[in-house]
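S.K.: I'd like to ask you about the structure that follows.
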Amino acid sequence: MSNQLNILTLATGKKLYVDMAVNLARSFWLWNKDAGIDFYLATDLPHYLPDDVKSYVKVIALQPDELGKGFSPKLHLDKLAPAGQTLFIDSDCLIYGSLKPVFNLFKGYSVAVVGVYVNDGEWFGDVAAICKKNHIKQLPKFNGGIYYLERGDKATQVYETARELETQYDEIGFVRLRGRPNDEVLMALAMALHGQSPVDDNGSILAEFVNFQSGIESDLLKGSVTLYNKPGHPRYQKNWPLKEANPLIVHFLGHHNQTLPYIKEVKRLKYILGDKYPAGKAGALTWLQVTLPANATTLLKQLFRPLYRAVAGTRKVKQSERVIN
């Protein structure tokens, strides 16, 4: 196997995914520019890449819908992965440090994720029923913000199985996500059928906001981030064992890439790496243009939301641009 280390991400269909991939790439470059790791972007919209990112991102050109719609492109990573060790990272993630420890942890796995095993309960379907139907004891449960693979026969077998399972998605008993097959459960079943194991989730590699809903403290320029799951907090997740996480990768899924701290971090990255501003100037501008207005808006909403609802009722939730058509 080649010793080359690779990061791979996807951005297809809409400019917003390319914009997030640019943010991911800049956070990668900030912490890993001298690490000997190649960064690959598979996209059908390469013309949206800014000049600073073009200098180090290797583009894999795709045709529109070449790998399918929705979450389906993530079932084709075996076709996109270069030789060596490849870590796929979702475009709506940010990187807070050197990724060398992640590659060291995963080395030797054909296909791997960060997660735990489950054999009952609900996870986009009845887990116990799906396990019984497929003659397996358990499924790896994980967040699909990252996937690891080493190109070879075993990885190909896992991904070919996942693509075949996608054609049977509803018959298997899986529940759709945003109207589309969810890559996570398809990969989980494919991994289980081929004997591939998850790496224990201890909060050091990847964290996201489903499990940590009690707050986040973030300073990407210092490589510092903590996500909280505090007992006593209204959104405490009692079934999640970790009370806090200090990950190398944060998955800003859903609306979290439209709010603080994500919008603050990516603005600073843009000023420093895109516009070549000194860190001090970038920080000051970001505070004035992003952090201060966002905090003021949040405060005003908290103060006047009860009055607004009393007069006008609740507003219809605006459909996210990320909802797949």
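Readers should treat all values here as calculations from the given coordinates under stated rules, not as data from a laboratory. These numbers come from a predicted model, not from an experiment. In this analysis, Cβ positions are derived from the backbone assuming ideal geometry, glycine residues included, and neighbour counts consider all displayed protein chains.
S.K.: Report, to one decimal in Å, the Kirkwood hydrodynamic radius for region 206-312 based on all distinct Cα pairs.
M.R.: On the way: mean 1/r = 0.0642 Å⁻¹.
Roughly 15.6 Å, rounded to one decimal.
S.K.: Here's something else I'd like to know. When the chain is treated as a GNM, springs tying every alpha-carbon pair under 10 Å, which of ASN119, ASN182, ASN32 comes out with the largest mean-square fluctuation?
M.R.: ASN119
S.K.: Expressed in nm², what is the orientationally averaged projection area of the convex hull enclosing the Cα positions of the chain? Intermediate values should be presented prior to the final figure.
M.R.: Details: hull surface 71.2 nm².
That works out to 17.8 nm², a quarter of the Cα hull's surface.
S.K.: Near the amide H of VAL59, under 5 Å away, which other amide H atoms are found, from residues 5 or more places off or on another chain, if H is placed in the peptide plane?
M.R.: Excluding prolines and chain starts, which carry no amide H, the hits are LEU41.
S.K.: Applying 1/(1 + (r/R0)^6) with R0 = 35 Å to the Cβ-Cβ distance of ARG235 and LYS281, what FRET efficiency is obtained, to the nearest 0.05?
M.R.: So, using R0 = 35 Å, E works out to roughly 0.45.
S.K.: I would also like to ask the following. Could you work out [θ]222 nm for the chain from helices alone, using -39500 (n - 2.57) per DSSP H run of at least four and dividing by all its residues? Round to the nearest 500 deg cm²/dmol.
M.R.: So the calculated ellipticity at 222 nm is -9500 deg cm²/dmol.
S.K.: Using a 10 angstrom cutoff on alpha carbons, build the Gaussian network for the chain and name the most mobile of LYS33, LYS238, LYS264.
M.R.: Sorting by GNM fluctuation, first place goes to LYS238.
S.K.: Using DSSP, restrict attention to beta bridges with both residues in region 206-312 and report what percent are antiparallel, rounded to the nearest 5.
M.R.: Details: 6 of 9 bridges.
Taking every DSSP beta bridge within region 206-312, about 65 percent pair in antiparallel fashion.
S.K.: Let me ask something additional. In a Gaussian network model over the chain where Cα atoms closer than 10 Å are linked, find which of TYR109, TYR96, TYR148 has the largest mean-square fluctuation.
M.R.: Answer for the Gaussian network model of the chain: TYR109.
S.K.: Something else about it: Which shape class applies to region 195-239: rounded if a/c is under 1.5, otherwise prolate when a/b exceeds b/c and oblate if not, where a ≥ b ≥ c are the square roots of the Cα gyration tensor eigenvalues?
M.R.: Cα axes put region 195-239 in the oblate bin.
S.K.: Find the Rg to Rh ratio for region 91-136, where Rh is the Kirkwood radius over alpha-carbon pairs and Rg uses the same atoms.
M.R.: On the way: Rg = 15.7 Å, Rh = 13.7 Å.
Using Cα coordinates only, the ratio equals 1.14.
S.K.: Show me the ranking of peptides 245-256, 290-301, 16-27, 60-71 by mean Cβ neighbours inside 10 Å, starting with the highest.
M.R.: 16-27, 245-256, 60-71, 290-301
S.K.: While we're looking at this one, here's another question. Could you grab the Rg to Rh ratio for region 73-224? Cα atoms only, Kirkwood for Rh.
M.R.: Numbers: Rg = 15.7 Å, Rh = 16.3 Å.
Taking Rh as the inverse mean 1/r over Cα pairs, Rg/Rh reads 0.96.
S.K.: A follow-up question, please. Just list whichever of LYS107/LYS141; LYS58/LYS133; LYS69/LYS132; LYS74/LYS281; LYS15/LYS222 have alpha carbons separated by over 32 Å in the model shown. Mind showing how you got there, number by number?
M.R.: Working: LYS107/LYS141 20 Å; LYS58/LYS133 42 Å; LYS69/LYS132 30 Å; LYS74/LYS281 38 Å; LYS15/LYS222 29 Å.
Exceeds cut-off: LYS58/LYS133; LYS74/LYS281.
S.K.: Here is a follow-up. What lysines could a cross-link reach from LYS301, if we take a straight Cα to Cα line under 17 Å and drop same-chain neighbours fewer than 8 places away?
M.R.: Within the straight-line cut-off, LYS301 pairs with LYS316, LYS318.
S.K.: Give me the extension gain from LEU292 to ASN202: residue separation times 0.36 nm, minus the current Cα-Cα distance, reported in nm with one decimal.
M.R.: Full extension from LEU292 to ASN202 adds 29.0 nm.
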